[in-house]
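Visitor: Can you keep this structure in mind? I'll have questions shortly.
The values are calculated or read from the model by the stated rules, or taken from the named source; none is laboratory data. In this text the structure is predicted, and so the values were computed from the model without any measurement. Reconstructed Cβ throughout: ideal geometry from the backbone, glycine too, with neighbour counts over all protein chains shown. Heavy atoms of the whole protein, side chains included, go into the accessibility calculation; ligands, DNA and RNA do not. Shrake-Rupley method; radii C 1.70, N 1.55, O 1.52, S 1.80 Å.
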Amino acid sequence: MNEISTLQKARQEYKPKLAGVLVKGIKNLAIVKGNATESVRDKESIKEIFKNLYGAPVITFQEGKTNNSSKKNVGVILSGGQAPGGHNVIAGIFDALKEANLENKLYGFLGGPSGIIEGNYVELTSDIIDKYRNTGGFDIIGSGRTKLETPEQFEKSLNVCKSLNISAVVIIGGDDSNTNAALLGEWMKANNAGIQVIGCPKTIDGDLKNDMIEISFGFDTATKTYSELIGNIQRDANSAKKYWHFIKLMGRSATHVALECALRTRPNIALISEEIAEQNWSLKYITDYMTDIIVKRSAAGKNFGVALIPEGLIEFIPEMKAMIANLNDVLAEADAFEEFTMPEKFEYVSQHLEACNAQIFNSLPITIKHQLLMDRDPHGNVQVSRIDTEKLLIEMIELKLKEMKAEGRFKGKFSPLAHFFGYEGRCAAPSNFDADYCYNLGYNAVALIEFGLTGYLSSVRNLSKPAAEWIAGGVPLTMMMNMEKRHGEMKPVIQKALVKLDGPVFKELKENRDKWALEDCYLFPGAIQYFGPSEVCDITTKTLYLENKEKSLNLV
């Protein structure tokens, strides 16, 4: 990183705001322990797997005195997909370590979890850290998706840590990465390895959250980035008045991204996967619902519009979900499947799926069938992000409109354009909120380490308030776990947080979407602002605002 932009240079000078209790400094903290915790589900199974970590209390920091300031080395790992703010988590770790003891060292494992297994690392110095402050991306040490889940991997990781005299590891990742952090922490504890493991909640999908983790980092920046793009397209649609834009957005397992973007931009259609699953909507029902809006707008002289489609929609459609689950099981047992030709793959799948699922599979366009049979994800499942759900819906709607036109029930025009906004938001320069939040998560992780804790997720909450009112602490990773089927086996994983259909965020959409469907109520959020008045630069997401507003009302 030799040359940098004027904006990046100015951003490097930005000083993240610390939570009120952390402002006192890493050496001026005390902990308050809550009651023993339990996993969200499957308590006996989780307790059996995590004999040494299960039941730990929630931790909250308050002003006090930290006695432990002995020299220590810490390792850090970036795991999984990129999310804005990761560099600031590392900067927060570095600054807190040096504040605790100038002799402390921070080692960054290169390329994700594989770095700690293979011993690929770099010592992170102030010269390196300063170049990456308040920047997007994970390029300071890179990321990866290697799983940390076997005793052999844990043993190798321990040996690498011993060689560097590392006593604690911070894993920055999403639900799967932090599940691996818990497994690593349990193994280290069971083997008296003397290595603490702390996690930090990252995922732009927004599905790693609970009462103690109000939002995962990157969600704020990514949704603001996507909303800017959606607003630009809506302005174009309203100007040209001749295109329907189908925009697929990140979010395989939950629809937080599409829901947040819908509230920020007010599109004509916003599909919510959780509602579709709850209401048992079929693919035909979804097609009819979207077609009805298109036809009504056309009758009003509006042959244009914008539809938001969550990336993971196809898995929430009941008949598609059942077919994909059956397909995952079939492919998990298939030998040499990748060596088959595509026609042979189609034939094999048709013969081995249950009859009703085979019928659905065979009815799909050939491009969608191709995408369903692409390489599996790390869990052995269909890679939903590769399925062109937006194009599938366009094709289904075109067929429906063709029928209606032949029957004289549609006389307008339908010119669709497909988009997928994903990578555009993953490495954007973090908003002020994410820059602050991430720095606090890293700084707070060191506080957890200073108190000798392990198997915890760094937690900073009360986030809809100014930073001075934020609450810092830690959540036991086992508290968020349940058992799920992976590669045909039941395994412990952090439970994903879905959109709550009885929650304030979805209710806001539900109350307004009929009006937004037919009228042009578009909002144009514009680009993220980094400098200027707080009401412009430090605004948080609609999701966080509405959820905390409801929480505050419930406490009254």
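Visitor: Note down all Cβ pairs under 6 Å where the first residue falls in the range 272-292 and is open to solvent by 50 Å² or more (accessible area, probe 1.4 Å), the second is of a type in the set (A, V, I, L, M), and they're at least six residues apart or on different chains.
Guide: GLU278/LEU501
Visitor: Shifting gears a bit: For the range 298-314, state whether one or more residues are small (Gly, Ala, Ser), in a helix (DSSP H, G or I) and farther than 24 Å from ASP207 by Cβ. Before you say what the answer is, go through the steps one by one.
Guide: Looking only at the range 298-314, we keep the residues that are small (Gly, Ala, Ser), and these are 298-301, 305, 307, 312.
Narrowing the set further to residues that are in a helix (DSSP H, G or I) leaves 298-299.
So of that shortlist, the ones also farther than 24 Å from ASP207 by Cβ come out as 298-299.
Within the range 298-314 (the criterion being small (Gly, Ala, Ser), in a helix (DSSP H, G or I) and farther than 24 Å from ASP207 by Cβ), the answer is yes, since at least one residue qualifies.
Visitor: Filter the range 310-328 for residues that are in contact (Cβ under 8 Å) with a residue 24 or more places away in the chain, among the aliphatic types (A, V, I, L, M) and open to solvent by 20 Å² or more (accessible area, probe 1.4 Å) and give the result. Explain how you work it out, then say what you get.
Guide: Of the range 310-328, the ones in contact (Cβ under 8 Å) with a residue 24 or more places away in the chain are 310-324, 326-328.
From what is left, the residues that are among the aliphatic types (A, V, I, L, M) are 313-314, 317, 320, 322-324, 327.
Result: ALA322, single match.
Visitor: Also, quick follow-up: Using beta carbons and a limit of 8 Å, which pairs, at least six apart or on different chains, have the first residue in the range 11-32 and small (Gly, Ala, Ser) and the second one surrounded by fewer than 20 Cβ atoms within 10 Å (Cβ to Cβ) and in a loop (DSSP other than H, G, I, E, B)?
Guide: From residues that are small (Gly, Ala, Ser), the pairs are ALA30/GLY64; ALA30/LYS65; ALA30/THR66.
Visitor: Out of GLY488, GLY503, which single residue is at pLDDT below 95 and of a type outside the set (S, T, N, Q)?
Guide: Numbers: GLY503 fails: at pLDDT below 95.
Answer to the selection: GLY488.
So that you can scan it fast, the table gives a plain yes or no per residue for (1) of a type outside the set (Val, Ile, Thr); (2) surrounded by 15 or more Cβ atoms within 10 Å (Cβ to Cβ):
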| residue | (1), (2) |
| --- | --- |
| LEU509 | yes, yes |
| GLU519 | yes, no |
| TYR522 | yes, yes |
| GLY526 | yes, no |
| PHE531 | yes, no |
| CYS537 | yes, no |
| THR541 | no, yes |
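Visitor: Looking at the structure I just gave you, is ILE366 of a type in the set (A, V, I, L, M, F, W, C) and open to solvent by less than 20 Å² (accessible area, probe 1.4 Å)?
Guide: Working: of a type in the set (A, V, I, L, M, F, W, C): yes; open to solvent by less than 20 Å² (accessible area, probe 1.4 Å): no.
No.
Visitor: Right, another one. Quick one: which of ASP139, ASP95 is buried (at least 17 other Cβ atoms within 10 Å of the Cβ), out of contact with any strand residue (DSSP E or B) (no Cβ under 7 Å at 6 or more places or on another chain) and of a type in the set (Asp, Glu)? Give the derivation first.
Guide: Numbers: ASP139 fails: buried (at least 17 other Cβ atoms within 10 Å of the Cβ).
Among ASP139, ASP95, only ASP95 is buried (at least 17 other Cβ atoms within 10 Å of the Cβ), out of contact with any strand residue (DSSP E or B) (no Cβ under 7 Å at 6 or more places or on another chain) and of a type in the set (Asp, Glu).
Visitor: Right, here's the next one. Out of GLY34, GLY81, GLY20, GLY55, I need the residue that is modelled with pLDDT of 95 or more, assigned to a loop (DSSP other than H, G, I, E, B) and either over 20 Å from TYR530 (Cβ atoms) or more than 25 Å from the chain's Cα centre (by Cα) (or both). Which one? Give the derivation first.
Guide: Details: GLY34 fails: assigned to a loop (DSSP other than H, G, I, E, B); GLY81 fails: modelled with pLDDT of 95 or more; GLY20 fails: modelled with pLDDT of 95 or more.
None of the other options fit; the residue is GLY55.
Visitor: Out of ALA472, ALA445, which single residue is more than 23 Å from GLN82 (Cβ to Cβ) and either of a type outside the set (Asp, Glu) or in a helix (DSSP H, G or I) (or both)? Reasoning before the result, please.
Guide: Working: ALA445 fails: more than 23 Å from GLN82 (Cβ to Cβ).
When all the criteria are applied, what remains is ALA472.
Visitor: Just need a number here: residues in the range 1-17 that are among the hydrophobic types (A, V, I, L, M, F, W, C) and assigned to a helix (DSSP H, G or I). I'd like the intermediate steps shown before the answer.
Guide: Taking the range 1-17 and keeping what is among the hydrophobic types (A, V, I, L, M, F, W, C), we get 1, 4, 7, 10.
Narrowing the set further to residues that are assigned to a helix (DSSP H, G or I) leaves 7, 10.
Looking only at that region, the number is 2.
Visitor: A follow-up question, please. For the range 1-29, which residues satisfy the criterion of being among the aliphatic types (A, V, I, L, M) and within 19 Å of ALA467 (Cα to Cα)?
Guide: Just the residues of the range 1-29 that are among the aliphatic types (A, V, I, L, M), to begin with: 1, 4, 7, 10, 18-19, 21-23, 26, 29.
Scanning the range 1-29 gives LEU18, ALA19, VAL21, LEU22, VAL23, ILE26, LEU29.
Visitor: Checking the conditions here, which among CYS438, CYS427 is open to solvent by 10 Å² or more (accessible area, probe 1.4 Å) and within 23 Å of the chain's Cα centre (by Cα)?
Guide: Values: CYS438 fails: open to solvent by 10 Å² or more (accessible area, probe 1.4 Å).
It is CYS427.
Visitor: So LYS515 ticks every box in (1) touching a Cys at 6+ places or on another chain (Cβ under 8 Å); (2) crowded, with 17+ Cβ neighbours inside 10 Å but one. Which box is left unticked?
Guide: LYS515 satisfies all of (1) touching a Cys at 6+ places or on another chain (Cβ under 8 Å); (2) crowded, with 17+ Cβ neighbours inside 10 Å except (2).
Visitor: Also, I was wondering about something else. Output the qualifying pairs, or none if there are none: Cβ atoms under 7 angstrom, residues six or more apart or on different chains, first residue in the range 37-57 and without any contact (Cβ under 8 Å) to a residue 12 or more places away in the chain, second residue surrounded by fewer than 16 Cβ atoms within 10 Å (Cβ to Cβ) and part of a strand (DSSP E or B).
Guide: Short answer, once both residue conditions are applied: none.
Visitor: Here's a follow-up. If you take the residues in the range 37-52 that are of a type outside the set (S, T, N, Q) and not in a helix (DSSP H, G or I), which one is most open to solvent (accessible area, probe 1.4 Å)? Show your work before the answer.
Guide: At the first step, the residues of the range 37-52 found to be of a type outside the set (S, T, N, Q) are 38, 40-44, 46-51.
Cutting the leftovers down to not in a helix (DSSP H, G or I) gives us 38, 40-42, 50-51.
Numbers: GLU38: 110, VAL40: 70, ARG41: 116, ASP42: 60, PHE50: 0, LYS51: 135 Å².
Checking each candidate, the answer is LYS51.
Visitor: Any idea which residue in the range 394-409 is nearest to ILE309 (Cα to Cα), counting only those that are in contact with a Ser or Thr (Cβ under 7 Å, 6 or more places away or on another chain) and open to solvent by less than 40 Å² (accessible area, probe 1.4 Å)? Give the derivation first.
Guide: Residues of the range 394-409 that are in contact with a Ser or Thr (Cβ under 7 Å, 6 or more places away or on another chain), as a first pass: 396-397, 400-401.
Cutting the leftovers down to open to solvent by less than 40 Å² (accessible area, probe 1.4 Å) gives us 397, 401.
Working: ILE397: 14, LEU401: 20 Å.
Looking at the filtered set, the residue picked out is ILE397.
Visitor: Mind checking which helices (runs of 4 or more DSSP H) fall wholly inside the range 328-408 and carry at least 1 residues that are of a type outside the set (Asp, Glu) and under 27 Å from the mean Cα position of the chain (by Cα)?
Guide: Values: elements: 342-352, 355-363, 366-372, 389-406.
Result: 366-372, 389-406.
Visitor: So TYR439 passes all but one of these: (1) in contact with a strand residue (DSSP E or B) (Cβ under 9 Å, 6 or more places away or on another chain); (2) more than 30 Å from ILE387 (Cα to Cα). Which condition number does it fail?
Guide: Every condition holds for TYR439 apart from (1).
Visitor: Assuming GLY92 fulfils every condition listed in (1) in contact with a helix residue (DSSP H, G or I) (Cβ under 9 Å, 6 or more places away or on another chain); (2) assigned to a loop (DSSP other than H, G, I, E, B); (3) not aromatic (Phe, Trp, Tyr) apart from one, which condition is it?
Guide: GLY92 satisfies all of (1) in contact with a helix residue (DSSP H, G or I) (Cβ under 9 Å, 6 or more places away or on another chain); (2) assigned to a loop (DSSP other than H, G, I, E, B); (3) not aromatic (Phe, Trp, Tyr) except (2).
Visitor: Given the conditions (1) modelled with pLDDT of 90 or more; (2) closer than 30 Å to ASN88 by Cα, and given that PRO378 satisfies all but one, which numbered condition is not satisfied?
Guide: (1)
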